[in-house]
1. Rounded to the nearest 10 Å², what accessible area does SER161 have for a 1.4 Å probe in the complete protein model?
2. Of GLN66, GLY84, ILE136, which is farthest on the positive side of the dipole of the stretch 41-178, counting Cα position, with +1 on Lys and Arg Cβ, -1 on Asp and Glu Cβ, and the Cα centre as origin?
3. Where does helix 79-92 land angle-wise versus the long Cα axis of the chain, in degrees 0 to 90, nearest 10?
4. Based on the Cβ-Cβ distance of VAL167 and GLN132, what FRET efficiency does E = 1/(1 + (r/R0)^6) give at R0 = 22 Å, to the nearest 0.05?
5. Top mean-square fluctuation among ALA68, ALA90, ALA15, Gaussian network model of the chain, C-alpha springs under 10 Å?
6. Of PHE142, PHE152, which has the most accessible area and how do the rest follow, probe 1.4 Å?
7. Going 7 Å from the Cα of ALA21 along its beta-carbon direction, which residues of the stretch 121-163 have the amide nitrogen within less than 18 Å of the resulting point?
8. Can you work out the accessible area per residue across the chain, with the rest of the protein chains kept in place, probe 1.4 Å, in square angstrom?
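The values are calculated or read from the model by the stated rules, or taken from the named source; none is laboratory data. Just so we're clear, the structure is a prediction, and the values are computed from it rather than from any experiment. Here Cβ is always computed from backbone atoms with ideal geometry, including for glycine, and neighbour counts include all displayed protein chains. Ligands, DNA and RNA are excluded from the accessible area calculation, which covers all protein heavy atoms including side chains. Shrake-Rupley method; radii C 1.70, N 1.55, O 1.52, S 1.80 Å.
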Amino acid sequence: KFFRRSIFAYLGAAAYREASAITVVSPFLQNSLQRRARSPEHISVVPNVVDPVYHFQEKPADDSLQFAVVAQWKPPKNIELIVGALQQIASESSRKMVLHIVGNGELLKPILENRDRFSFSIVHHGFLAKPQIAEILHRTDFFLHCSTIETFSLVVAEALSMGVPVVASNVGALPQLI
């Protein structure tokens, strides 16, 4: 869609055609750019590197189900879908459930304003540094990631590197990553 919108789209497409080499962070993005590049063989994939703060640790014992989401909460992220799915699960479960939301953005306002209407707890942490995010993931049973497009998700890679099961949208590079 980006390449159909503006003068920047035209210039971006021209840059890809003229580039002698292009480096991307996922096979999905590599495939997406192949028709735009002068020579698809010149597109290299260099995966993002996960910070060492994200390492596996045994999860502390807890009877509740802990979920975590981390994002800049603006489109294409979809916190409404996550909250709706958790509400359905919570209404059928006897276990206490907690959703830890890390990050800020326009999509959070209606969720946070109505958090007392849900059958599970919501803890909004706002923006956090990597060590604090790692601590939340360490206590998490499931990491949830819902987006309509994702070329590569570093936070999904970070959760996976900590041994946290990930439930994510079946879009972009996410299936390859998981």
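1. Counting only protein heavy atoms, SER161 exposes about 50 Å² to solvent.
2. Going by the charge dipole, the pick is GLY84.
3. Here the helix axis deviates by roughly 30 degrees.
4. Values: r = 22 Å, r/R0 = 1.01.
Rounded to the nearest 0.05, the efficiency is 0.50.
5. For the chain, modelled as a Gaussian network with Cα springs under 10 Å, the answer is ALA15.
6. Details: PHE142 70, PHE152 35 Å².
Sorted by accessible area, descending: PHE142, PHE152.
7. none
8. Details: 10180 Å² over 178 residues.
Dividing the accessible area of the chain by its residue count gives 57 Å².
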